[in-house]
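Here the structure comes first, spelled out in C-alpha cells, and everything after it is commentary.
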Amino acid sequence: MSTMLNELVARLQRNVVDGQPDRDEQPMRVPASAYADPDQYRREIDRIFLKSPVMVALVAELRDAGDYVAYDLAGRPLLIVRGDDGVIRAFLNICRHRGPKVTDAVCGSARRFTCPYHSWSYDTTGNLVGVPGRETFGEIDVTGLIELPSAVVAGAVFAVLDPDGDLDAGGWLAGMEDSLSELRLNEYYPYRVPTFIDSPNWKLAADGYLDGYHIGYLHRNTIGTRSITNRNTYDFFGPHVRIGFASKLTPDFDPAAADIDYKDYLSLVHYVFPNVSLSGGHGDTLMMSRLLPGPTPDRSTTLQFQFYREPIVDEMVDVAEQKRQLYEQVVADEDCATIFQVGEALPAMGDRHFIFGRNEPANQHLHRTIASMLGGSA
Ligand SMILES: [Fe+2]
C-alpha cells in the first residue's frame, strides 16, 4: 500500500467531511495587466523559461535508442533523443551549418537526423556524421548539435534551455521527486499522437491546470462528473504543486482499508513549474500537457500526450484515440474557449485586478512564484 496515496485519500476525505479544500490564508489580487504586459512576458521568458530546469520529456517517450521528441519552447527548438549509447540528451533542433531544424516531426524514432537544406546529418548522440560534398566545403569547426544541460530524475528528463546554463534538477524539484517516483513514470508507454491546442497567454492556461475549483462547473458535463469539486488537497514543493481531487469519498469510507483501489477515490495532478501538468499517473493512465508560451504574450500552445501502462497496439489504439479526442474537446471547447474570453477581456479591465480565493491556493502560489522570480512581489 502506498503511504502517499493513503495519506492523500485520508486528507481528501477530511476535506469532504469539513466541506472545504486546503486553503490559503486570504484571497489574492492579480492585476489583469500581468497577463498582457509585453515587458512582463519578455521577462517571464528570459528569467523563468530560459533559466529554470524544465521537464522537457518523460523517459517513457524515449524507451529505445533513436526515440525522440521535438517541439519549440519559448523560442527554442528542442530535440530530446535517446542515443545508441542509451544516454538521453537534449539538443537545440538547429542544423550547425545554416540553421533549419534537423527534424520536423514532434516525435518518432530515427537513426539519423538530416537537415532538409543541404542534407547535413547527425547521429542519435548529436554528432555530425554526414556532410554532402565535404571535400568541397573546407574546414568545419563544429562537431555536432548544440547540447543543453539535462538530467533524468524520477522518470522525467529535465533540461535548461540555455546551453551555458546550470542544471540542478534535484534541487529544483524541492522534494517533488518522491511524489513523482510513486507514479512509476518510466513504466508508461506513450500514445504517440500529439494534440496541439491553441491557448491564450500561458498563465491563463496554467491557471486552469492549477484550479481544482472549476472542475464541477466548467466541466460539469464531461470530466467534472467524476470528482467532488472544491475539496482538493494542495501540496507545494518549491515552485511546483500537487493537487488531489476527491472522488466517491463519503464520511464512512475507511482510508486505511487494505483493499483500496486508489484510482477509484482520488486523482492527482502534478504541476511541474513552469509549464508541465501531469494528470493522473498513480493508476493506469497519464495525460501530460505542456504549455508552450508564445510567440506573442497573448498566445500559447498546449501540447498533450497520453500514456498507458501497456504498449498502444491492437484494440488499445481505439481506446487511446477516443480518450485523446475527449481531452482535446474538453480542453479546447471548455477550458481554452473560456480563457480566450479572459484574454480578450484584458484591455477592458484596464488597471483593475482579478481575485484568487483562499480556495485557489495553487493559483496564488503560481503568481507568487512568478512575481518572486521576476524580482518583485505579487
Ligand atoms: Fe479545466
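The values are calculated or read from the model by the stated rules, or taken from the named source; none is laboratory data. Small disclaimer: the values here were computed from a predicted structure and weren't measured. Don't worry about glycine lacking a Cβ; one is built from the backbone with ideal geometry, like all the others, and counts go over all protein chains shown. Ligands, DNA and RNA are stripped out before the accessible areas are found, and what is left, the full protein with its side chains, is counted by its heavy atoms. Shrake-Rupley method; radii C 1.70, N 1.55, O 1.52, S 1.80 Å.
Note on region 118-128: among residues that are in a loop (DSSP other than H, G, I, E, B) and not polar (S, T, N, Q), the one that is farthest from D67 (Cα to Cα) is H118.
Checking Y209, Y234, Y213 one by one, the residue that is open to solvent by less than 20 Å² (accessible area, probe 1.4 Å) and in the same structural domain as S372 (by TED's automatic domain parsing) is Y234 and no other.
All of (1) within 13 Å of the ligand (Cβ to nearest atom); (2) within 22 Å of I355 (Cβ to Cβ) hold for V241 with one exception: (1). Residues of region 192-226 that are over 22 Å from G343 (Cβ atoms), part of a helix (DSSP H, G or I), more than 10 Å from the ligand (Cβ to nearest atom) and not polar (S, T, N, Q): G216 alone. Restricted to region 329-355, and to residues there that are open to solvent by less than 20 Å² (accessible area, probe 1.4 Å) and touching a strand residue (DSSP E or B) at 6+ places or on another chain (Cβ under 6 Å), the residue that is farthest from V30 (Cα to Cα) is V331. The requirement of being within 24 Å of S372 (Cα to Cα) and part of a loop (DSSP other than H, G, I, E, B) is satisfied by P274. Note on region 61-117: residues that are in a loop (DSSP other than H, G, I, E, B) and among the acidic types (D, E) total 4. Scan region 123-137 and tell me whether some residue there is under 19 Å from K51 (Cβ atoms) and at pLDDT 95 or above. Checked region 123-137: no residue is under 19 Å from K51 (Cβ atoms) and at pLDDT 95 or above. Given the structure, is F307 open to solvent by less than 80 Å² (accessible area, probe 1.4 Å) and away from the ligand (no atom under 16 Å from the Cβ)? Yes, satisfied. Only residues that are part of a loop (DSSP other than H, G, I, E, B), crowded, with 16+ Cβ neighbours inside 10 Å and of a type in the set (G, A, S) were counted in region 129-186, giving 2.
Conditions tested, residue by residue: (1) touching a residue at least 12 places away in the same chain (Cβ under 8 Å); (2) open to solvent by less than 20 Å² (accessible area, probe 1.4 Å); (3) assigned by TED's automatic domain parsing to the domain that holds L286.
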{"residue": "V9", "(1), (2), (3)": "yes, yes, yes"}
{"residue": "E25", "(1), (2), (3)": "yes, no, yes"}
{"residue": "L62", "(1), (2), (3)": "yes, yes, no"}
{"residue": "A74", "(1), (2), (3)": "yes, yes, no"}
{"residue": "D85", "(1), (2), (3)": "yes, no, no"}
{"residue": "R112", "(1), (2), (3)": "yes, no, no"}
{"residue": "P116", "(1), (2), (3)": "yes, no, no"}
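Inside region 315-340, can you point out the residues that are in contact (Cβ under 8 Å) with a residue 24 or more places away in the chain and closer than 22 Å to A36 by Cα? Within region 315-340, V331, A332, E334, D335, C336, T338, I339, F340 qualify. Does L291 satisfy being outside any loop (DSSP other than H, G, I, E, B), within 15 Å of the ligand (Cβ to nearest atom) and in the same structural domain as A332 (by TED's automatic domain parsing)? Against the criterion (outside any loop (DSSP other than H, G, I, E, B), within 15 Å of the ligand (Cβ to nearest atom) and in the same structural domain as A332 (by TED's automatic domain parsing)), L291 qualifies.
So that you can scan it fast, the table gives a plain yes or no per residue for (1) more than 23 Å from Y188 (Cα to Cα); (2) at pLDDT 95 or above:
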| residue | (1), (2) |
| --- | --- |
| N6 | no, no |
| L12 | yes, yes |
| D46 | yes, yes |
| R63 | no, yes |
| Y68 | no, yes |
| A90 | no, yes |
| V102 | yes, yes |
| C115 | yes, yes |
